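K.L.:
Below is the structure I would like to discuss, written out as structure tokens.
The values are calculated or read from the model by the stated rules, or taken from the named source; none is laboratory data. Model, not experiment: these values are computed from the prediction. All Cβ positions, glycine included, derive from the backbone under ideal geometry; neighbour counts span all protein chains shown.
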Amino acid sequence: MNYFDPYVSELQLVFSEARRRISNFPEPFNENGLAYLRKFDVFERESSKNYICYLLPYWINEAVPIPIRQCRALSLANVFNMLYYFLQDDVMDETPAAWKEQLALAHLCHSELEVILRELFAADSLFWSYRQQYVNEWAIAVVHEDKHDYFNTDIVKVAKKASPLKLASTGVLLLADRPELILQVEERVDFSLVLLQMADDLADWEDDLREGNYNCLLSLIRSKRTSTQIALNSQEVESHIYDRGLMKVYCARGKDILDFLNNSPLHLERLYSFSKSIYEGIASFTERVEHTRRTLLSGGFDYILSNNRIR
């Protein structure tokens, strides 16, 4: 994990500072906020590891250096940015009874984010225009992704729900006085986020099918159906995954993205390494499925002795 290991000591400082700031929230939001942070703390065993969120400024910093204290501040800002948007997502998925506390905690995180960013960027900085752009992209993606089927029509837009985290990469470039690189870096971050979403959707398709959430894998399956009158069910999804070779198509799309990231003129080594690790997870699953399928088709005795399904 060369995209993570060199930054362990830095992230320890970042998460320590995040905990300190959240501890100063009024009760009961201090305790609730710390509990929520633990769900995403990279050093917690059972947490969601949102590496790109915390590490993006450090990855960009290797190509376009800025003072480490500014890089650390952008990582901290992205932690609070992440908490704010995940709390928003929770509100969208929960009953109104839970909204009051969630929204209050979200705005406390947003307020902390504002404090950090105002210390880094002047009021007339281009940063604020880019930040508004990323918020707009998030809002449009949240509302329209299932209506426009972005995975099949405009795949880069799959990443736009995570657009606000790009404030870290753009922030580094502006602090380094390299605004001419922003579009190139945005594109590479977006495609890395598409790969990450593809991996998440492969892991979460059962939940997304049950809850009616947009999912890249399910979107691909629906595009292969001859009839849309009957609702997609888990048996049909499993048939496409394990019996009909759909994973080869899904994996090939991921490989196209990885090749683009590898061949781009602006080579961000750590971002590529992270993206490659995500792709390799998809490719490894695909290979296991295809190996089992080939064995079954050949009538091999090995398959009879193996599990019926790969999980």
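K.L.:
Might you let me know whether region 202-214 holds any residue that is buried (at least 20 other Cβ atoms within 10 Å of the Cβ), free of Cβ contacts under 8 Å to residues at least 40 places away in the same chain, under 19 Å from the mean Cα position of the chain (by Cα) and farther than 27 Å from THR295 by Cα?
P.N.:
Looking through region 202-214, none of the residues is buried (at least 20 other Cβ atoms within 10 Å of the Cβ), free of Cβ contacts under 8 Å to residues at least 40 places away in the same chain, under 19 Å from the mean Cα position of the chain (by Cα) and farther than 27 Å from THR295 by Cα.
K.L.:
Looking at region 193-200, can you tell me whether even one residue there is of a type in the set (Val, Ile, Thr), crowded, with 20+ Cβ neighbours inside 10 Å and under 17 Å from TYR272 (Cα atoms)?
P.N.:
yes
K.L.:
Counting just the residues of region 137-173 that are over 19 Å from HIS110 (Cα atoms) and acidic (Asp, Glu), which one comes out modelled with the highest pLDDT?
P.N.:
ASP154
K.L.:
Within region 126-154, can you find the residues that are touching a residue at least 40 places away in the same chain (Cβ under 8 Å), surrounded by fewer than 16 Cβ atoms within 10 Å (Cβ to Cβ) and in a loop (DSSP other than H, G, I, E, B)?
P.N.:
Matches in region 126-154: LEU126 only.
K.L.:
Do we find a residue being under 16 Å from LEU193 (Cβ atoms) and surrounded by 15 or more Cβ atoms within 10 Å (Cβ to Cβ) anywhere in region 112-120?
P.N.:
no
K.L.:
Within region 203-240, how many residues are farther than 30 Å from LEU173 by Cβ, assigned to a helix (DSSP H, G or I) and touching a Phe, Trp or Tyr at 6+ places or on another chain (Cβ under 7 Å)?
P.N.:
Final tally of qualifying residues: 5.
K.L.:
Then there's this: Identify the residue in region 217-273 that is aromatic (Phe, Trp, Tyr) and closer than 25 Å to THR292 by Cα and, among all such residues, is surrounded by the fewest Cβ atoms within 10 Å (Cβ to Cβ).
P.N.:
Top of the filtered list is TYR242.
K.L.:
Criterion first (under 14 Å from the mean Cα position of the chain (by Cα), of a type outside the set (A, V, I, L, M, F, W, C) and either assigned to a helix (DSSP H, G or I) or more than 21 Å from TYR84 (Cα to Cα) (or both)) does LYS166 satisfy it?
P.N.:
Yes, satisfied.
K.L.:
Being out of contact with any Gly (no Cβ under 6 Å at 6 or more places or on another chain) and touching a residue at least 60 places away in the same chain (Cβ under 8 Å): is that true of ARG72 here?
P.N.:
Against the criterion (out of contact with any Gly (no Cβ under 6 Å at 6 or more places or on another chain) and touching a residue at least 60 places away in the same chain (Cβ under 8 Å)), ARG72 qualifies.
K.L.:
Out of region 10-29, which residues are over 26 Å from the mean Cα position of the chain (by Cα) and not aromatic (Phe, Trp, Tyr)?
P.N.:
Once the filter is applied, which keeps residues that are over 26 Å from the mean Cα position of the chain (by Cα) and not aromatic (Phe, Trp, Tyr), region 10-29 yields SER23, ASN24, PRO26, GLU27, PRO28.
K.L.:
Can you tell me which residue is farthest from the chain's Cα centre (by Cα) among those in region 30-52 that are touching a residue at least 60 places away in the same chain (Cβ under 8 Å) and under 15 Å from LEU87 (Cα atoms)?
P.N.:
Here the residue is ASN32.
K.L.:
Examine region 238-247 for a residue that is more than 23 Å from ASP154 (Cα to Cα) and basic (Lys, Arg), and state whether such a residue exists.
P.N.:
yes
K.L.:
Condition first: polar (S, T, N, Q), under 23 Å from ILE278 (Cβ atoms), touching a helix residue (DSSP H, G or I) at 6+ places or on another chain (Cβ under 9 Å) and touching a residue at least 12 places away in the same chain (Cβ under 8 Å). Can you find one or more residues in region 226-237 that meet it?
P.N.:
No; the residues of region 226-237 include none that is polar (S, T, N, Q), under 23 Å from ILE278 (Cβ atoms), touching a helix residue (DSSP H, G or I) at 6+ places or on another chain (Cβ under 9 Å) and touching a residue at least 12 places away in the same chain (Cβ under 8 Å).
K.L.:
Kindly indicate which of SER9, SER23, SER75, SER16 is surrounded by 21 or more Cβ atoms within 10 Å (Cβ to Cβ), at pLDDT 95 or above and out of contact with any strand residue (DSSP E or B) (no Cβ under 9 Å at 6 or more places or on another chain).
P.N.:
Just one listed residue meets the conditions, SER75.
K.L.:
With the structure loaded, tell me whether GLY171 is of a type outside the set (Val, Ile, Thr), at positive phi and out of contact with any Pro (no Cβ under 6 Å at 6 or more places or on another chain) or whether it fails that test.
P.N.:
Criteria not met by GLY171.
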